[in-house]
Amino acid sequence: MALALEPDVGDWTAADVVARFGPIPLRRIRHDPPPGTATEDDVVRIHDHENRLYELVDGVLVEKTVGTYEAYLALLLGSLLRNHVAEKKLGIVLGPDGMMRLAPGLVRIPDVSFVSANRLPGRRVPRAAIAPIAPDLAVEIISRGNTEKEMADKLDEYFAAGVRLVWYVEPVPRQVKVYTAPDACVTLGEEQTLDGGDVLPGFQLSLRELFAEPSLEG
């Protein structure tokens, strides 16, 4: 039986992209540099000069894109987590441009992440553009451009790198999938409460509160 082989460097086709990432919008795949040839230096250069975020997977740059509502949820959840973490002196919370090297040649950018103090080199905030650490908690706000295969692969990568907890926040249908392993998931609806478990002791958040429309009246 013939073995499925990865495309040669720089020879990726649209079919190869779909096979690797699922039916992903091709506008999310960067073609300069050609898929299969990108490096961490490209991730940093594009971020610094174009203010665009790309994850690096198998030499392919995959753009991180979120809508307005997804960005709102990420900032709200990140703020709530930061308040809890700062009060308890547990570590740091990173926002949606916190780039992390999960493995050589693999850069992921969670929408929100928590890194415990013990994981911080010298218990200091990393100064490198791409932090050489994996978070304790990775949060992804699922958008319409994400594919099932892409997100399933991310789960495997996160836990292989030592992430202890992953939250997939789904604005539609207003729920959060809580993973403690790639194959261990609990789905919480908006009538339920999200908690940090052993990773973030004491953190609790009503999902009705998370998904509520903000009060904008004076």
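The values are calculated or read from the model by the stated rules, or taken from the named source; none is laboratory data. The structure displayed is predicted, hence computed values, not measured ones. Neighbour counts run over all protein chains shown; Cβ positions are idealised from the backbone, glycine included. For the accessible areas, the whole protein counts, side chains as well, though only heavy atoms, and no ligand, DNA or RNA atoms are used. Shrake-Rupley method; radii C 1.70, N 1.55, O 1.52, S 1.80 Å.
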Task: Under 5 Å, built H, 5+ apart or other chain: amide partners of ASP136 - done: PHE114, VAL115, SER116
Open item on the list: Let's test this: bin the Cα-Cα distances of the stretch 72-218 at 10 Å from zero up to the farthest pair and state each bin's percent.
Closed with: 11, 43, 36, 9, 1, 0
TODO: Can you give me the span-like helices of the chain, meaning DSSP H runs with 20 Å or more of Cα extent along the axis and Kyte-Doolittle mean at or above 0.0?
DONE: 68-88
Task: Carbon and sulfur %, accessible surface of the stretch 128-205 computed with the full protein complex present, 1.4 Å - done: 48
Task: Using θ = phi - 60° and Karplus 6.51 cos²θ - 1.76 cosθ + 1.60, couplings along the stretch 94-100 (whole Hz; Gly, Pro as x) - done: 10, x, x, 10, x, 7, 9
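With a 1.4 Å probe and all protein chains left in place, how much of the accessible area of the stretch 15-68 comes from carbon and sulfur atoms, in whole percent? Numbers along the way, then the final one.
Values: 1390 of 2610 Å².
Carbon and sulfur atoms account for 53 percent of the accessible area of the stretch 15-68.
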- [ ] Over the alpha-carbon set of the stretch 68-109, work out the extent along each principal axis and list the three values in angstrom, largest first.
- [x] 34, 30, 9
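Over the Cα atoms of the stretch 138-218, Rg to Rh with Kirkwood Rh, two decimal places? Walk me through the intermediate numbers first.
Working: Rg = 13.7 Å, Rh = 13.6 Å.
Rounded to two decimals, Rg over Rh is 1.01.
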Open item on the list: In Å², and per residue, what accessible area does the stretch 7-110 have when probed at 1.4 Å with the other protein chains present?
Closed with: 49
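My understanding is that a pair violates if its Cα-Cα distance is over 22 Å; which of LYS64/LYS149; LYS89/LYS154; LYS64/LYS154; LYS88/LYS177 do that in this structure?
Numbers: LYS64/LYS149 15 Å; LYS89/LYS154 28 Å; LYS64/LYS154 13 Å; LYS88/LYS177 25 Å.
Beyond 22 Å: LYS89/LYS154; LYS88/LYS177.
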TODO: Compute the distribution of all C-alpha to C-alpha distances in the stretch 123-167, in bins of 5 Å from 0, and list the percent of pairs in each, rounded to whole numbers.
DONE: 5, 19, 25, 21, 18, 8, 3, 1
Open item on the list: Using helices alone, I'd like the mean residue ellipticity at 222 nm for the chain: each DSSP H run of four-plus residues gives -39500 (n - 2.57), total over residue count, nearest 500.
Closed with: -8000 deg cm²/dmol
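Beyond 25 Å, what percent of the Cα pairs of the stretch 1-125 remain? If you can, show how the numbers build up before the last one.
Values: 2808 of 7750 pairs.
Result for the distance tail: 36 percent.
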Task: All-pairs alpha carbon distance profile, the stretch 40-104, 5 Å steps from 0, percent - done: 3, 15, 21, 19, 17, 15, 8, 2
Task: Cβ charges +1 (Lys, Arg) and -1 (Asp, Glu), total dipole of the chain, debye - done: 680
